[in-house]
Amino acid sequence: MKALKAALFDLDGVVFDTERQYTMFWGAQCRKYHPGHPGLEYEIKGQTLSQIYERWWAGSLADARAEVTRSLNEFEAQMRFDYIAGFEMFIDDLRRNGVKTAVVTSSNQNKMQSVYRAHPEFYDIFDAILTSEDFAESKPSPDCYLRAAARFGVSPECCVVFEDSFNGLRAGRAAGMYVVGLATTNSAESIRGLSDCQIVDYKNMNNKNLNELWQAI
């Protein structure tokens, strides 16, 4: 029987219930700078800040990056970082059963400092934390998840990815990993084609039933 060796988690909307907060922030920024592109805040989910700037705050808008960054830093410093329901018990169960765990996020180190202040225990509940500084290409490229697997020395088919955004789900798929879709940002129906199973939280998840789902593929 094959063995599940690593569980790889996106951050916002997967570990923390923060996506609605980010939708509000980026919705305001997109309406201000891109009033002719409604819904842009949803298109950029899962992308790094550098990628967002390169695509949407270029040319005549490049000078506005500093102001957006300042606003974002202030926003993240006062955000709530509440764990998705059931997450803490779930990840503890995974680690007690020998499954390696990692955060694989498009967030940068500046954002992570806010996370660490809110949750000093964060370092201790993951075996690795990969941020935007750790990979060359942003989601939907599989680069970030492949690097996480390599960090643990395991093959992609022995990994499970937990994602909520379309870009992140596509990254997990492209990496050749089993993908669990969190219906926290998008509906379960909308992410069904990009994920192997869909959940709304971790209340009914544990190492045993995750393995059963994974073994069934």
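The values are calculated or read from the model by the stated rules, or taken from the named source; none is laboratory data. These numbers come from a predicted model, not from an experiment. So basically every Cβ, Gly included, is an ideal-geometry build from the backbone, and we count neighbours across all protein chains shown. The accessibility values were calculated without ligands, DNA or RNA, using every heavy atom of the protein model including side chains. Shrake-Rupley method; radii C 1.70, N 1.55, O 1.52, S 1.80 Å.
Miscellaneous remarks
- When residue 213 is tested against (1) under 25 Å from residue 97 (Cα atoms); (2) part of a loop (DSSP other than H, G, I, E, B); (3) of a type outside the set (Asp, Glu); (4) open to solvent by 30 Å² or more (accessible area, probe 1.4 Å), only condition (2) is not met.
- Strands (runs of 3 or more DSSP E) within the range 141-208 that include 2 or more residues over 16 Å from residue 85 (Cβ atoms) and in contact (Cβ under 8 Å) with a residue 40 or more places away in the chain: 159-163
- Selection from the range 129-140 of residues that are in a loop (DSSP other than H, G, I, E, B), within 13 Å of residue 50 (Cα to Cα) and touching a residue at least 12 places away in the same chain (Cβ under 8 Å): 131, 135, 138, 139
- Scanning the range 158-181 for residues that are under 13 Å from residue 7 (Cβ atoms) and crowded, with 21+ Cβ neighbours inside 10 Å yields 159, 160, 161, 162, 163, 172, 177, 178, 179, 180.
- Counted as qualifying within the range 9-115 are the helices (runs of 4 or more DSSP H) with 1 or more residues that are open to solvent by less than 30 Å² (accessible area, probe 1.4 Å) and closer than 23 Å to residue 180 by Cβ, namely 19-33, 87-96.
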